[in-house]
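Working notes, beginning with the structure itself.
The values are calculated or read from the model by the stated rules, or taken from the named source; none is laboratory data. Here the structure is a predicted model, which means the values were calculated and not measured. Note: ideal-geometry Cβ built from the backbone for every residue, glycine included; neighbour counts use all protein chains shown.
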C-alpha cells in the first residue's frame, strides 16, 4: 500500500539548498523502509498550469485516504485550492517564507504572499523545517503550534579541509555560493568588493543565473561600472567537483543574504574549514558560531573592512580557518538529521 506520495517538479533548481535538502529527505525515507510514490510535474515555477493541476487531482483520487501527501511548501501554496478538501494528511517542507523571498510584507505583493502562505500552511498537519529560527517564524507569524513542526537541521557530507589562509603569497581567494536572485543581495557583495584595500584578490560567485536573468544582467552591469571585471567572476552553475575544488582553494566565504532559513552554503564553508564573513541574516545568526564574522547587514563597508582585516592579518585568518574546521566537523550528517523521520511523519497527529 502506498503510504506516502511525494510531489515535486522537474524545474526545481537543482543546485539550491532546498533541492539538496529535499533530495536527502527523500533518500532518508527510502532508507527507513518506505517506497514513496513520486508525482513529478513538468513545471511549477512561477506557477502550475491547469493541465498539470488536473494531473495532480487525478493522482489524488487514486490514493487511499490515509496516504500522506509530502511536498515542498511552494507546491502547497500553488495547489492550496485543489488540496483544501483533500481527505489525505499533508506534510510540508518549509525552507523559508515566500514573503522573505519577496523582501517584505509591507507592500501589496508581500501581503498577498503572506495571505497565501498562511492559508496553505493551515492545510498541513505536519511541517518540516531546517532550523529553530524557521520554527520560530512559523509560530510567531502564522500561529502554528510547535507540536506540528519537526526541526531537522541540514546534514553535511564528509569534507576535506581546504587551504584557507595557508598560502602567504598570491591573491586572497574569496567565494560566494547562492542563486543569483535579489534575496542573496549580490549588489551588496559587489559594493563591498569595490571597497577592498590595495591588495591582490579574486572573488568567485557560484549560483544559478536562470531564475531572474534581468537581475543577473544588472549585477554584471554593476561589476563593469565599478571596474571589477578582472577581479570578480560569475561562474554561474558549476559541477559538484568544480565547486569542491573552489571550496578547497578558497580563503574566505562571503554571504550577504537578506534572509536565510538555515544557510547551507555557510555550513559547507565551515565544514571545509573556510572562515565566513556574513550578514546576520535569519537563521545564520542563530547557529553559525566559530570561524564566522558577522557584520552589519546594511553596510557594505563593514563587510569590506572585515575582509581587509583578514587579508592584512594572515595569522588571524589561519586561526579562524582552524576554528571553522572544528566547528564544521561538529555539524550533523544527513543520517543524523533525518533519524526518526518516517515514524514522525506517519504517526497520526
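Considered as a group, the residues in the stretch 181-200 that are part of a loop (DSSP other than H, G, I, E, B) and surrounded by 15 or more Cβ atoms within 10 Å (Cβ to Cβ) include one that is modelled with the lowest pLDDT, and that residue is 181.
Residue by residue, here is whether (1) closer than 18 Å to residue 175 by Cβ; (2) in contact with a helix residue (DSSP H, G or I) (Cβ under 7 Å, 6 or more places away or on another chain) holds:
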site: 227; (1), (2): no, no
site: 235; (1), (2): yes, no
site: 259; (1), (2): no, yes
site: 285; (1), (2): no, no
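Checking the structure you have, find out if any residue of the stretch 92-105 is in contact (Cβ under 8 Å) with a residue 24 or more places away in the chain and farther than 21 Å from residue 46 by Cβ. The answer is no, given that none of the residues of the stretch 92-105 is in contact (Cβ under 8 Å) with a residue 24 or more places away in the chain and farther than 21 Å from residue 46 by Cβ. Within the stretch 1-13, restricting attention to residues that are assigned to a loop (DSSP other than H, G, I, E, B) and in contact (Cβ under 8 Å) with a residue 40 or more places away in the chain, the residue that is surrounded by the most Cβ atoms within 10 Å (Cβ to Cβ) is 12. If you scan the stretch 234-251, which residues turn out to be assigned to a loop (DSSP other than H, G, I, E, B), surrounded by fewer than 24 Cβ atoms within 10 Å (Cβ to Cβ) and in contact (Cβ under 8 Å) with a residue 12 or more places away in the chain? Residues satisfying the conditions are 237, 238, 249.
Across the stretch 201-218, a minimum of one residue is classified as surrounded by 15 or more Cβ atoms within 10 Å (Cβ to Cβ), farther than 23 Å from residue 333 by Cα, over 23 Å from the mean Cα position of the chain (by Cα) and in contact (Cβ under 8 Å) with a residue 40 or more places away in the chain.
Residues that are farther than 25 Å from residue 29 by Cα and touching a strand residue (DSSP E or B) at 6+ places or on another chain (Cβ under 9 Å) within the stretch 322-349 comprise 323, 324, 327, listed in sequence order. Among the residues making up the stretch 328-349, those that are within 30 Å of residue 192 (Cα to Cα) and crowded, with 17+ Cβ neighbours inside 10 Å are 328, 331.
Elements of the type strands (runs of 3 or more DSSP E) sitting completely within the stretch 252-327 and holding at least 2 residues that are buried (at least 24 other Cβ atoms within 10 Å of the Cβ): these cover 252-255, 276-279.
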